[in-house]
Amino acid sequence: MKWISLLALETPQLPDFERLAAWYARRYPDAPPLVLSSRSDRLLTLVVGDDVVAVTLIGRPIPWAQLEGPAATAWYWPEATERLRPHGAHLLTALAEDAGDPLPRAWLLTRMTAALAAAAPCTGVFWGPGRLVHPPQAYLAESAAADNDDLPLFLWVDFRVEQLDGDVVRLYTTGLEALGGLELEAPHFRGDPQTLLEYGYNLAHYQLARKRSIGDGDTIALTDAVQATARRSPSLFGGDLEVIRLEFPDQDGSAPCRDKPAAAD
């Protein structure tokens, strides 16, 4: 089951349903309400519209092997390892399997995870589809600010930028496939890492928000001055995964605008 999140807890405590449902209704007044289906000391089963959500209290830490890599590479949360290591229990939130549009699933899991982070003694969030960790307050703030025109991609997708030789960097993503897109890889970019991150973000947002596919050989207009060529290719890391590989002219480029991803048809 891919639609899961894990919440590290200071104490083994299942949130009170009434408090959880009230917070959810205040934060998301236009969303279907939480309806309690069943409850025990360690399990809440909820109905949300046409979906079923299970929240399970597990009285032991999230296996560190699952958190160690994401915590070590969470450049946006330098204290991730320090904050996550001491936890003694966690909540597992899971959506029932569904073969429909993945974006509504991502939104539901995001909202449920935010509600649980607000209602439980949470020290960190693990987003399963993208294998990312987040501090609770930042997760709450970013999820609250997002909407369908400004997707919370930094909550959902791991945009990994790595330094190679000199001023050459590369980018690859994890989490776009779960959302219905193709993972992005830019194996060779000469320029500022932040600029490459912005390019990757814009192109990911374009795929998902516009629901537009990118074909092999398409020219992608990242700014008025910078274009890249998209290639459908196997991943740099092997296996059967098909990705969009971005090929850039050998120049630095200029900083992009993050607000509106752009791509040539």
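Screening Arg190 on (1) among the basic types (Lys, Arg); (2) within 11 Å of the chain's Cα centre (by Cα); (3) over 21 Å from Pro70 (Cα atoms) shows it passes everything except condition (2).
For Ala186, the test of being closer than 21 Å to Pro102 by Cβ and out of contact with any Pro (no Cβ under 6 Å at 6 or more places or on another chain) is failed. Count of the stretch 108-133 residues, restricted to those that are of a type outside the set (Val, Ile, Thr) and either free of Cβ contacts under 8 Å to residues at least 60 places away in the same chain or within 17 Å of Ala25 (Cα to Cα) (or both), is 12. Whether a residue is closer than 16 Å to Thr73 by Cβ and either within 15 Å of the chain's Cα centre (by Cα) or at pLDDT below 95 (or both) was assessed, and Val157 passes this test.
Take the stretch 20-51 and flag every residue that is within 21 Å of Asp147 (Cα to Cα) and of a type in the set (Asp, Glu). Within the stretch 20-51, Asp30, Asp50, Asp51 qualify. Only one of the numbered conditions (1) within 30 Å of Phe248 (Cβ to Cβ); (2) out of contact with any helix residue (DSSP H, G or I) (no Cβ under 8 Å at 6 or more places or on another chain) is violated by Leu179, and that is (2).
For the stretch 182-197, does any single residue satisfy the condition of being of a type in the set (Ser, Thr, Tyr) and closer than 25 Å to Ser235 by Cα?
Within the stretch 182-197, the subset of a type in the set (Ser, Thr, Tyr) is 195.
Remaining after also requiring closer than 25 Å to Ser235 by Cα: 195.
Looking through the stretch 182-197, at least one residue is of a type in the set (Ser, Thr, Tyr) and closer than 25 Å to Ser235 by Cα.
For the stretch 57-69, the criterion of being within 20 Å of Ser143 (Cβ to Cβ) and not hydrophobic (A, V, I, L, M, F, W, C) is satisfied by no residue at all.
Within the stretch 204-227, residues that are assigned by TED's automatic domain parsing to the domain that holds Val243 and in contact (Cβ under 8 Å) with a residue 60 or more places away in the chain reach partners that are surrounded by fewer than 21 Cβ atoms within 10 Å (Cβ to Cβ) and charged (D, E, K, R) with beta carbons closer than 9 Å, at six or more positions or on different chains, in the pairs Ala209/Asp149; Ala209/Asp150.
Examine the stretch 224-237 for a residue that is surrounded by 21 or more Cβ atoms within 10 Å (Cβ to Cβ) and not β-branched (Val, Ile, Thr), and state whether such a residue exists. Talk me through it step by step, then tell me what you get.
Initial filter on the stretch 224-237 (surrounded by 21 or more Cβ atoms within 10 Å (Cβ to Cβ)): 228, 230.
Remaining after also requiring not β-branched (Val, Ile, Thr): 228, 230.
Yes, the stretch 224-237 contains a residue that is surrounded by 21 or more Cβ atoms within 10 Å (Cβ to Cβ) and not β-branched (Val, Ile, Thr).
Scanning the stretch 113-142 for residues that are surrounded by fewer than 23 Cβ atoms within 10 Å (Cβ to Cβ) and more than 18 Å from Ala178 (Cα to Cα) returns Ala118, Ala119, Pro121, Thr123, Pro135, Pro136, Gln137, Ala138, Leu140, Ala141, Glu142. Considering the stretch 123-225, the qualifying strands (runs of 3 or more DSSP E), each wholly inside and each with 1 or more residues that are in contact with a Lys or Arg (Cβ under 9 Å, 6 or more places away or on another chain) and more than 30 Å from Leu84 (Cα to Cα), run over 168-174, 184-190.
Go through the stretch 1-103 and tell me which strands (runs of 3 or more DSSP E), entirely inside it, have 2 or more residues that are assigned by TED's automatic domain parsing to the domain that holds Trp127 and crowded, with 18+ Cβ neighbours inside 10 Å. Full working, then the answer.
Values: elements: 4-9, 34-39, 43-48, 51-58, 89-95.
Where strands (runs of 3 or more DSSP E) fall fully within the stretch 1-103 and carry at least 2 residues being assigned by TED's automatic domain parsing to the domain that holds Trp127 and crowded, with 18+ Cβ neighbours inside 10 Å, they are 4-9, 43-48, 51-58, 89-95.
The values are calculated or read from the model by the stated rules, or taken from the named source; none is laboratory data. Bear in mind that the values here come from a model prediction, so they are computed numbers and not experimental data. Counting neighbours? That spans all protein chains shown, and the Cβs are built from the backbone with ideal geometry, glycine included.
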